[in-house]
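*Asks:* Here it is: the structure, laid out below.
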Amino acid sequence: MRELIVKGVRVDDTFAEAFEMRATALTITADAAHWARQAAVTMTGFGTSVIGCGCEAGIDRELAPKETPDGRFGVRVLLFAVSTTELQKQLQNRVAQCVLTSPGSACYAGLQGEESLKLGNAVRFFGDGWQISKRLGGKRYWRVPVMDGEFVCEATTGLTKRAVGGGNLLIMGASAQPTLAAAEAAVKAISAVPDVIMPFPGGIARSGSKVGSKYKARASTNEAYCPTLRGTVNSALDEDIASVLEIVIDGLTREAVAAAMRAGIAAVVKLGPKRGAVRLGAGNYGGKLGPYHFHLKDLRP
Amino acid sequence: MKPLVLTLREQPEQRLDLSPLVPHRLAGKTATEIDGLELQTTRRRVTVGDVFRIAPGDPQGMRIENACDRLDLVGHGMAGGEIVVEGDVGNQVGRLMTGGRLTIKGSVGLWAASGMRGGQIEIEDTAGDWLGGPLGGEMAGMRGGVVVVRGNAGDRAGDRMRRGTIIVEGNAGNHAGSRMIAGTVIICRTAGSLPGYLMRRGTIVLGHGCDEWSPTFLDCGVHDLVASKLLAAFVRDYSARAAAVFRSPLRRFAGDTAVLGKGEIFCAER
């Protein structure tokens, strides 16, 4: 594979292959910032991959009180799934179990999409007949009585069918510590990009997968990028690479994913090969499965 | 483009029906055609030209000047644009309005905003009885939109209201929000007797309590709710005085338990 060298970091001439997804966004607020964060973290937990979690979920950004409908501190959360039905199911279950239950929380639409998903319209039944609808301007809210007062939830939130899932970067280093430092730098840079999430723990996946398995599983370890198998399999790794970490990026638009990858590449390159990664790559399936191809050479600084 | 201006020559001898004089019904009409529109409510024919001086302009931005309380049905069925009235008007101002903005720089008579579905009405002085209410035989009163009364309102403000928001910056008469089905009525100062009389659902907010509470409303205690913050944020664009009512926690009364009982009255603690 041809590679470019940018400030000492080898950048593979390859691309990340991404897919169309359904996505929605929520604004979660609470009386205190840490409770809004807590509700968001709980709701997006176990939301790393659609393969096993039903959806991919994460925190987009934190919102100042002046940016939220009720003037309290807020957090914007994004959810991605492969179908509208699954997205609705995940949204309903996660809001009901993780946001409704969180002290002082409220939940609002975080996206004005071409279509809508049920938000309060699904959760309102928890009120057992005591729920109250309130329409203000063009928006409808449900007020559900709960033990600390009321859970306020907007009736619907937007759905986009133009979301993109599976943008990714493979960060390769000479040992674990600098590789993790490079991945952390990339995560920090991507966190500042709006409309994207990195659904894996802390934004980083250490167990990149390939499609299929010798067993009855949909995915299995990507042995070509496992450094301990370098001498055993048809490895994609050079001799100076002993650790690989992946950052997976889902975005509400193609442009958002491209901006996130660009920010991640820039951060890794800025850190340099001595303190960070020696090589950058991306995962794809030969370009035949996903309609979106993000070429690293187009996104490098 | 300058607005269409209609200036009342003198107080008319009979009450006039101004329902033809709304932007969407005047669109495309010449000054001569407008001049010939009939407004009478008796057998004696009266046209626009008989009672108004017309300064041609864009009917999407109308002004009615030197108005008086014999002008009924101003802004009837208005769907868009703007009407500004200098002076008082009569009954049923903004009835069945669905959009646009109607400003009355004076007082209005009975049944203002009756059956209103959308848009905004601002009344700079007082409103008569049955603000937003239904006419005889109608099942629901106001069904959307926002009405702001800078002065006082009469009895039965918000009667049978189904949706929308009424803000009264002054006092309201007896039975404010009577028979409400849903929606929001905010009385910034004092309501008369028995607010929320027979209300089923909906929200009434009282800035300074009322003259007499209905015994069929149940005290649910003082609360600082997120819903108050949403209401305050919504009404702030229309009335700073109404938004100020939500600054402190409000006492919630549930009722009217003489009927369904799923309505509520929020009352500021003084």
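Throughout, read-outs are computed from the coordinates displayed, never taken from laboratory work. These numbers were taken from a predicted model, which means no experiment stands behind them. Glycine gets a Cβ as well: all are built from the backbone with ideal geometry, and neighbour counts include every protein chain shown.
*Asks:* What fraction of the DSSP beta bridges in the protein assembly as shown is antiparallel, stated in percent and rounded to the nearest 5?
*Replies:* Numbers: 81 of 130 bridges.
If I count the DSSP bridges inside the protein assembly as shown, around 60 percent turn out antiparallel.
*Asks:* With charges only on Cβ, +1 for K and R and -1 for D and E, what is the dipole size of the stretch A:183-301 about its Cα centre, in debye, rounded to 20? Could you put the intermediate results ahead of the total?
*Replies:* Numbers: 16 positive and 10 negative charges, 30 e Å.
The calculated dipole for the stretch A:183-301 is roughly 140 debye.
*Asks:* Be a star and scan the stretch B:243-266 for residues whose amide nitrogen sits under 14 Å from the point 7 Å along the Cα-to-Cβ vector of B:Asp224.
*Replies:* Inside the label zone: B:246-251.
*Asks:* With charges set only on the Cβ (+1 for Lys and Arg, -1 for Asp and Glu), what does the dipole of the stretch A:1-150 come to about its Cα centre, in debye to the nearest 20? Please list the in-between numbers first.
*Replies:* On the way: 18 positive and 17 negative charges, 96 e Å.
Taking the Cα centre of the stretch A:1-150 as origin, the dipole is about 460 debye.
*Asks:* Moving to a separate point now. So what does log10 I(q)/I(0) come out to for the protein assembly as shown at q = 0.05, 0.09, 0.11 Å⁻¹, using the Debye formula with one equal point on every Cα and no solvent?
*Replies:* -0.33, -0.78, -0.94
*Asks:* Just want the answer: with Cβ charges of +1 for Lys and Arg and -1 for Asp and Glu, which residue in A:Tyr108, A:Ala64, A:Leu169 is farthest toward the dipole's positive end in the protein assembly as shown?
*Replies:* Result: A:Leu169, furthest along the dipole toward the positive end.
*Asks:* Just the number, please: percent antiparallel of the DSSP beta bridges in the stretch B:119-207, rounded to the nearest 5.
*Replies:* Working: 0 of 18 bridges.
Taking every DSSP beta bridge with both residues in the stretch B:119-207, the antiparallel ones total about 0 percent.
*Asks:* Over the stretch B:2-92, what is the mean sequence separation of C-alpha contacts under 8 Å (at least six apart), divided by residue count, expressed as relative contact order in percent? It would help to have the intermediate numbers written out before the result.
*Replies:* Working: 207 pairs, mean separation 36.7, N = 91.
Taking the mean separation of contacting Cα pairs over the length of the stretch B:2-92, I get 40 percent.
*Asks:* Less than 20 Å from a label point 7 Å out along the Cα-to-Cβ axis of B:Ala258: which backbone N atoms in the stretch B:195-214 qualify, by residue?
*Replies:* Within reach of a label on B:Ala258, which here means backbone N under 20 Å from a point 7 Å along Cα→Cβ, the stretch B:195-214 contributes B:195-206, B:209-214.
*Asks:* Same structure, new question: Of all beta bridges DSSP finds with both residues in chain B, what is the antiparallel percent, to the nearest 5?
*Replies:* On the way: 16 of 61 bridges.
Bridges in chain B that DSSP calls antiparallel: roughly 25 percent.
*Asks:* Moving on. For B:Gly87, what charge total do you get from the other residues with a beta carbon under 9 Å from its beta carbon, if Lys and Arg give +1 and Asp and Glu give -1? Show your work: numbers first, answer last.
*Replies:* Values: positive: B:Lys105; negative: B:Glu65, B:Asp69, B:Glu86, B:Asp88.
Around B:Gly87, the surrounding residues sum to -3.
*Asks:* OK, next. With a cut-off of 8 Å between alpha carbons and a minimum separation of six or more residues, what is the relative contact order of the stretch A:1-139 in percent?
*Replies:* Rounded, it is 26 percent for the stretch A:1-139.
*Asks:* Here's something else I'd like to know. Kindly state, to the nearest 0.05, the FRET efficiency for B:Glu138 paired with A:Ala32, given R0 = 41 Å and r defined as their beta-carbon distance. Could you put the intermediate results ahead of the total?
*Replies:* Values: r = 47 Å, r/R0 = 1.16.
Rounded to the nearest 0.05, the efficiency is 0.30.
*Asks:* Oh, and also: Of A:Asp128, A:Asp250, A:Asp195, which is the most mobile in a GNM of chain A whose springs link Cα atoms less than 10 angstrom apart?
*Replies:* A:Asp128
*Asks:* Under a Cβ-only charge scheme (Lys and Arg +1, Asp and Glu -1), can you give me the dipole magnitude of the stretch A:1-54 about the Cα centre, in debye to the nearest 20?
*Replies:* About 140 debye.
*Asks:* Given the options A:Gly104, A:Gly272, A:Gly287, state which has the largest fluctuation in a GNM of chain A using a 10 Å cut-off (strictly under) for Cα springs.
*Replies:* A:Gly287
*Asks:* So if I take the centroid of the Cα atoms in the stretch A:75-127 and the same for the stretch B:92-114, what is the distance between those two points in Å?
*Replies:* Comparing the Cα centres of the stretch A:75-127 and the stretch B:92-114, I get a distance of 39 Å.
*Asks:* Follow-up. Evaluate the distance, in nm, between pseudo-label points positioned 7 Å from the Cα of A:Thr85 and of B:Glu124 along their respective Cα→Cβ axes.
*Replies:* That separation, rounded to one decimal, is 6.0 nm.
*Asks:* Report relative contact order for chain B in percent, whole number only (criteria: Cα-Cα under 8 Å, sequence separation at least 6). The partial results should precede the final answer.
*Replies:* Values: 916 pairs, mean separation 27.3, N = 270.
Relative contact order of chain B: 10 percent.
*Asks:* Given R₀ = 41 Å, FRET efficiency for A:Ser220-A:Arg140 by Cβ-Cβ distance, to 0.05? Mind showing how you got there, number by number?
*Replies:* Values: r = 46 Å, r/R0 = 1.12.
That pair, A:Ser220 with A:Arg140, gives E of 0.35.
*Asks:* List the longest stretch of chain A that has no exposed loop site; here a site is one of the GluC sites (Glu not before Pro) assigned by DSSP to anything other than H, G, I, E or B, with at most 15 other Cβ within 10 Å.
*Replies:* Numbers: sites that count: A:Glu114, A:Glu239.
No qualifying site falls inside A:115-238, the longest such stretch.
*Asks:* While we're on this one: For n ≥ 4 DSSP H runs only, could you compute -39500 (n - 2.57) per run for the protein assembly as shown, divide by its residues and tell me the 222 nm figure to the nearest 500?
*Replies:* On the way: 12 runs with 102 residues, N = 571.
Rounded to the nearest 500, it is -5000 deg cm²/dmol.
*Asks:* Take chain B, connect every pair of alpha-carbon atoms lying under 10 Å apart with a spring to form a Gaussian network, then pick out the residue of B:Arg53, B:Arg117, B:Arg43 with the largest mean-square fluctuation.
*Replies:* B:Arg43
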